Amino acid sequence: MSIGLVMPEDNQKDISLFLNGDSFDLKVNDLNQTHFNKKLLIQSKNQRMHLEGKECESIILTNRQRIIKDHIIVDSVIAGRGFHWQKRIKIKVLGDIIIKIIGHSLFVINRIHLEDYLMCVATSEMGSDCPTSLLEAQTIVARSWILAAAEKKHERLGLDACNDDCCQRYQGISNLTKSSIKATVNTRGKAIMHSDTICDARYSKSCGGITESSANVWAMDQKPYLESLVDDKSQMKKNISNEESFKTWMKLQHSSYCGPQFVDENKLGEYLGNVDKNSNYYRWKVSYTMDEIIQIIFVKTGKLFTDIKQLLPLKRGVSGRILHLNIIGTLEDKNDYKLSIESEYEIRRILHPKFLYSSAFTIETNSHTNSSEHFTLKGAGWGHGVGLCQIGALGMSLAGKNTNEILYHYYKQTQIKDIYE
Ligand SMILES: [Zn+2]
Ligand SMILES: [Zn+2]
């Protein structure tokens with residue numbers, strides 16, 4: 001597997017590597033180096049790469065060992081690119097490191113065995129203290145997603161995936177525990193299949209009570225195993241795409257696997273990935289003043305409103321996620337203007353300084369335009385909501401459900417099979 005750790009769009013100018021162990025070979029511009037330091041500083045200057053101050057074009061560090069002790073520390077990489085939890089982290093990786101330069105930015109790739117990669121994904125996506133069935137389910141889902149390779153988001157760069165939420169979170173070996181390693185070993189080679197094809201097993205942090213149908217989120221044919229379902233034990237289907245049914249659903253209590261009946265929100269932090277903020281993702285609230293929302297929309301879209309009259313949902317998905325929203329107001333030139341946003345992703349991107357948790361929200365408008373809560377969004381869930389709901393899967397595992405029960409709940413009409421030994 002080739003995983004992008006530092007991407008060209010990160011515009012990163014320097015990176016430090018520390019080699020832990022003696023099992024490394026270094027090639028600079030394809031030439032083997034006999035002497036090199038354990039600590040290497042790589043910089044980008046005037047579109048040229050420098051290793052320890054010397055200009056070069058490519059760096060390949062090969063790791064002859066495949067044991068936890070022999071790893072490379074990479075300082076630093078971005079986690080949560082563009083999302084509300086973006087930060088820089090130092091990571092430890094197994095496998096090889098390849099560094100190139102694209103434009104002004106360094107481009108750092110980690111070449112790693114599939115099973116080693118998956119072992120790290122499980123405890124990067126969710127915390128290593130999660131119950132075994134959750135970690136096993138997460139590993140099988142991550143394996144299916146990467147082997148199905150349906151998204152191919154970074155094919156142009158020759159990558160199987162990046163290190164981040166855009167693909168799936170990969171933060172190296174730092175969070176591994178004995179039980180998380182065991183979860184990977186126990187599920188080795190297992191994938192979710194539909195009609196002899198590996199499933200494009202999508203997942204998100206919290207569906208909010210109902211998962212979304214894949215065709216509402218991505219331009220793809222509806223997959224039978226990515227249809228919307230109610231995230232509880234009922235096995236029912238429910239459609240809350242109409243405005244009134246969504247509002248009613250939001251007011252009522254539900255026994256969702258991702259809700260407080262199954263996952264105590266005060267304890268959620270123990271189970272989430274280490275870059276996640278501890279927050280209430282099942283139900284949340286965000287308020288803006290008129291000035292704040294004008295500023296956010298300007299930064300995100302370049303449209304400068306002087307007044308915003310309405311945020312008008314025009315179309316919702318089965319889970320209540322808004323798929324089409326109009327922002328209606330007045331521009332600087334005093335003309336009325338309607339800004340049309342036509343995807344759940346864009347709605348989340350545009351209506352928050354960083355990123356809104358989900359597009360399943362109601363909108364309350366306070367008539368006082370100078371109120372600190374002029375627009376209040378009350379929402380459900382975190383992420384696109386398609387496929388496995390990670391916090392729901394956690395709720396199921398805390399309730400004693402096993403790995404297969406979790407996977408068959410979220411991915412209907414599938415079989416879990418061993419695809420390699
Ligand atoms: Zn990606
Ligand atoms: Zn859920």
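The values are calculated or read from the model by the stated rules, or taken from the named source; none is laboratory data. This structure is a prediction, so every number in the text was calculated from the model and none was measured. Glycine also receives a Cβ, built like all others from the backbone with ideal geometry; neighbour counts cover every protein chain displayed.
From the residues in region 168-189 that are in contact with a Phe, Trp or Tyr (Cβ under 8 Å, 6 or more places away or on another chain) and within 21 Å of Ile109 (Cβ to Cβ), which one is nearest to ligand 2 (Cβ to nearest atom)? Step by step, filter region 168-189, then rank; the result is Gln168. Here Thr187 meets the list (1) in contact with a Cys (Cβ under 9 Å, 6 or more places away or on another chain); (2) surrounded by 21 or more Cβ atoms within 10 Å (Cβ to Cβ); (3) within 22 Å of Ile146 (Cβ to Cβ) almost entirely, failing just condition (1). Of all residues in region 230-242, those being surrounded by 14 or more Cβ atoms within 10 Å (Cβ to Cβ) and touching a strand residue (DSSP E or B) at 6+ places or on another chain (Cβ under 7 Å) number 5. Pairing each residue of region 160-173 that is among the hydroxyl-bearing types (Ser, Thr, Tyr) with any residue that is assigned to a loop (DSSP other than H, G, I, E, B) and away from ligand 2 (no atom under 16 Å from the Cβ), provided the two are 6+ apart or on different chains, yields C-beta distances under 7 Å for Tyr170/Asn163. In summary, Ile89 fulfils each of the numbered conditions (1) β-branched (Val, Ile, Thr); (2) within 25 Å of the chain's Cα centre (by Cα); (3) closer than 17 Å to Leu159 by Cβ with the single exception of condition (3).
When the residues of region 99-135 are filtered to those that are among the charged types (D, E, K, R) and within 18 Å of Lys205 (Cβ to Cβ), the one that is surrounded by the fewest Cβ atoms within 10 Å (Cβ to Cβ) is Asp129. Of all residues in region 190-220, those being within 16 Å of ligand 2 (Cβ to nearest atom), buried (at least 22 other Cβ atoms within 10 Å of the Cβ) and part of a loop (DSSP other than H, G, I, E, B) number 7. Scanning for something out of contact with any Leu (no Cβ under 7 Å at 6 or more places or on another chain) and at positive phi, does region 173-185 turn up at least one residue? Within region 173-185 (the criterion being out of contact with any Leu (no Cβ under 7 Å at 6 or more places or on another chain) and at positive phi), the answer is no, since none of the residues qualifies.
Here is a yes/no grid of residues against (1) more than 27 Å from Ser76 (Cβ to Cβ); (2) of a type outside the set (Asp, Glu); (3) modelled with pLDDT of 95 or more:
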residue	(1), (2), (3)
Leu157	no, yes, yes
Gln168	no, yes, no
Thr177	no, yes, no
Ser180	no, yes, no
Asp196	yes, no, no
Cys207	yes, yes, yes
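For region 322-364, filtering for residues that are within 21 Å of Asp307 (Cα to Cα) and part of a strand (DSSP E or B) leaves 17. Being more than 16 Å from ligand 2 (Cβ to nearest atom), crowded, with 20+ Cβ neighbours inside 10 Å and of a type in the set (Gly, Ala, Ser) is a description that does not apply to Gly259.
Show me the strands (runs of 3 or more DSSP E) found entirely inside region 25-93 where at least 3 residues are touching a Leu at 6+ places or on another chain (Cβ under 9 Å) and buried (at least 16 other Cβ atoms within 10 Å of the Cβ). Full working, then the answer.
On the way: elements: 31-33, 39-45, 48-51, 54-56, 59-63, 71-79, 87-93.
The strands (runs of 3 or more DSSP E) meeting that bar are 39-45, 48-51, 59-63, 71-79.
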